[in-house]
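Student: Mind looking over this structure? Questions follow.
The values are calculated or read from the model by the stated rules, or taken from the named source; none is laboratory data. Note that the structure is predicted; figures quoted are calculated from it, not measured. Cβ placement follows ideal geometry from the backbone for every residue including glycine, while neighbour counts extend to all protein chains displayed.
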Amino acid sequence: MTENRYPDFGVLLVDDEPSYLRGLSIALERAGITHLQRCEDPRRVMEILAREPIGLVTLDLTMPHLSGEELLARIVEEHPDVGVIVISGMNQVETAVDCIKNGAFDYFVKTDEQRRLIEGIKRAIRLQELKLENQALRQRFLDDTLEHPEAFAPIITADKGMRAVFQYLESVAPSRQPLLICGESGVGKELVARAVHRLSGRPGPLVSVNVAGLDDNVFADTLFGHQRGAFTGADQARAGMIEQAAEGTLFLDEIGDLSLASQVKLLRLLQEGEYYPLGSDRPKRLNARIVVATHRDLHAKQQAGDFRKDLYYRLRTHQVLIPPLRRRKPDLPLLLDHFLAEAAEELGKSVPSYPPELPVLLANYDFPGNVRELRAMAFDAMSLHRSRMLSMEVFKRAIRPASEETAAAPMALERPVFAPDEALPTLHEVADLLVTEAMRRAEGNQSLAARLLGISQPALSKRLKRRRQGDGDPL
Ligand SMILES: Nc1ncnc2c1ncn2[C@@H]1O[C@H](COP(=O)(O)OP(=O)(O)OP(=O)(O)O)[C@@H](O)[C@H]1O
């Protein structure tokens, strides 16, 4: 069973000195690297690699029967995807350079500080994980398949960009590295976090915390918990959200609004993989996947000095951007149907029909509040709905303020349509422009475009035909 072991692939420690191997495994296990295998006989290494899912090998150079250099060459040739770190008793620059040239990922000397070696192994594991995820991702794009479409069922979409996001998420869902979900407010970031949690197969729960506006002490208490007596009023010990999310996912929403002091704490948690509950000097291990989301531009914030650069780079190991609703207009009718059905069920009404102009009206609106805004409109319309056909009034009223600003601005007075010295277009030309615009808004649907223009469909069809034949418009 490898479920609770880290990393997902095995780390094979090769050295002919049993005591060194034992010491190294204990140190690695303490650092949270538990998927380990030891080997004292270099002649068995190739056989283990052929049999076991090993992703990283640490290799001693001087061993009986088979030297580390020879083994390195064989591993690089026969298992190019396996990373190799050389740990040698000799501090020789030339040997180190040779090993790196021959394909080793890194080189350490046994007398080096153990902390450095552990950090190097952690770094190699992270890179190896990224490499494997990359391969899986490339494969998925080539296949254009989703392995677990059911995980995304609550996210209604037919958009290609969203499908690519889903494919990426399938690749990175099992990873233990943080995931950053970006996108405007209301695009569905929390839904995406839930899908990632489902996909991860982690047995623990998804625990969500909105970190916007949390003062630093509250942030630390919420995440790390406290010991009894840690501060005045702490009558009982309380587990933090990290502990509640054990074996699961901790979702930190609005991460772009985290105070600078709390950013330091989050960074340390991610770097060390452990934390101290308030009032305790016993560290606890982070045993939850961290997923964060923001509607802010973290890159800009980081450049402006409002977000720590090191934390930003750490968080964006895996990153997705959810496109705004105005960039995925074909999703509008699907989402509209979905929310009308949802509202109908909630309100105990039957699902209504709606005028064909409604999708056209929505398609010409920018939805600054994204899917949340559309959902609110649909629910509002359904709560007022009485007859068989859904009225467009609620939608028009919700959309109007923005469009009215332009329409109601005394256009003719303050912002003339044509400059005073500009030649006016002819009525034929204006009619032509209107027809083109109506057809664009109606996405080519002639009966909808005719309604927008206030003429009959046959009349519009006639105009379009004449235009195609190059005849003038009979005004
Ligand atoms: N593609 C979708 N299909 C169905 N429902 C959706 C979709 N996208 C968003 N929603 C719904 O829209 C609402 C807003 O979504 P969500 O809370 O996930 O957005 P968000 O991006 O996390 O917003 P914020 O940045 O404000 O936290 C929710 O009710 C969610 O269920």
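Student: State all residues of region 137-151 that are surrounded by 15 or more Cβ atoms within 10 Å (Cβ to Cβ) and outside any loop (DSSP other than H, G, I, E, B); if no residue qualifies, say none.
Tutor: LEU137, ARG140, ALA151
Student: I've got another one for you. Identify all residues within region 279-319 that are surrounded by 20 or more Cβ atoms within 10 Å (Cβ to Cβ) and not in a loop (DSSP other than H, G, I, E, B); write none if there are none.
Tutor: Within region 279-319, ARG289, ILE290, VAL291, VAL292, ALA293, THR294, LEU298, LEU311, LEU315, HIS318 qualify.
Student: When residues of region 131-159 are filtered for being touching a His at 6+ places or on another chain (Cβ under 9 Å) and away from the ligand (no atom under 16 Å from the Cβ), how many remain?
Tutor: Of the residues in region 131-159, 1 are touching a His at 6+ places or on another chain (Cβ under 9 Å) and away from the ligand (no atom under 16 Å from the Cβ).
Student: Could you pull out the residue among LEU199, LEU214, LEU191, LEU206 that is under 17 Å from LEU278 (Cβ atoms) and not acidic (Asp, Glu)?
Tutor: LEU214
Student: Can I ask one more? Looking at (1) modelled with pLDDT of 90 or more; (2) surrounded by fewer than 19 Cβ atoms within 10 Å (Cβ to Cβ); (3) farther than 22 Å from PHE166 by Cα, which one does LEU362 not meet, given that it meets all the others?
Tutor: Single failed check for LEU362: (2).
Student: Identify the single condition in (1) crowded, with 16+ Cβ neighbours inside 10 Å; (2) over 19 Å from the mean Cα position of the chain (by Cα); (3) within 16 Å of the ligand (Cβ to nearest atom) that PRO330 does not satisfy, given that it satisfies every other one.
Tutor: Every listed condition holds for PRO330 apart from (1).
Student: Need at least 3 residues that are surrounded by fewer than 21 Cβ atoms within 10 Å (Cβ to Cβ) and within 16 Å of the ligand (Cβ to nearest atom) per element, so show me which helices (runs of 4 or more DSSP H) inside region 160-230 make the cut, counting only ones lying wholly within it.
Tutor: In region 160-230, 160-172, 189-200 are the helices (runs of 4 or more DSSP H) which contain 3 or more residues that are surrounded by fewer than 21 Cβ atoms within 10 Å (Cβ to Cβ) and within 16 Å of the ligand (Cβ to nearest atom).
Student: Tell me, which residue of region 436-459 that is over 39 Å from the mean Cα position of the chain (by Cα) and not polar (S, T, N, Q) is nearest to LEU361 (Cα to Cα)?
Tutor: Applying the filter and picking the extreme gives LEU452.
Student: Pick from region 289-327 the residues that are polar (S, T, N, Q) and closer than 23 Å to SER175 by Cα: which of them is farthest from the ligand (Cβ to nearest atom)?
Tutor: Residue satisfying both the conditions and the ranking: THR317.
Student: Check region 258-269 and report whether any residue there is under 20 Å from the mean Cα position of the chain (by Cα) and of a type in the set (Gly, Ala, Ser).
Tutor: Within region 258-269 (the criterion being under 20 Å from the mean Cα position of the chain (by Cα) and of a type in the set (Gly, Ala, Ser)), the answer is no, since none of the residues qualifies.
Student: Next question. In this structure, is ALA341 more than 27 Å from ILE125 (Cα to Cα), without any contact (Cβ under 8 Å) to a residue 24 or more places away in the chain, of a type in the set (Gly, Ala, Ser) and more than 16 Å from the ligand (Cβ to nearest atom)?
Tutor: Taking the combined requirement at face value, the residue does not satisfy it.
Student: Continuing with this model, one more query. Quick check on this structure: which one of LEU56, LEU28 is part of a helix (DSSP H, G or I) and buried (at least 17 other Cβ atoms within 10 Å of the Cβ)?
Tutor: Unique residue meeting the criteria: LEU28.
Student: Got at least one residue in region 28-39 being touching a His at 6+ places or on another chain (Cβ under 6 Å) and aliphatic (A, V, I, L, M)?
Tutor: No.
Student: Still on this model: Filter region 231-257 for residues that are β-branched (Val, Ile, Thr) and in a helix (DSSP H, G or I); which is nearest to the chain's Cα centre (by Cα)?
Tutor: Per the stated criteria, the residue is ILE255.
Student: Now a separate question. Among the residues of region 93-111, is there at least one that is in contact (Cβ under 8 Å) with a residue 12 or more places away in the chain, more than 19 Å from GLN37 (Cα to Cα), in a strand (DSSP E or B) and under 35 Å from the mean Cα position of the chain (by Cα)?
Tutor: yes
Student: Could I ask something else about it? I'd like the full set of residues that are among the charged types (D, E, K, R) and either on the phi > 0 side of the Ramachandran plot or touching a Phe, Trp or Tyr at 6+ places or on another chain (Cβ under 9 Å) (or both), limited to region 212-267.
Tutor: Within region 212-267, ASP221, GLU243, GLU247, GLU254, LYS265 meet the criteria.
Student: Scan the helices (runs of 4 or more DSSP H) fully inside region 424-475 and keep the ones with 1 or more residues being over 25 Å from TYR354 (Cα atoms).
Tutor: Per the criteria, 427-441, 457-469.
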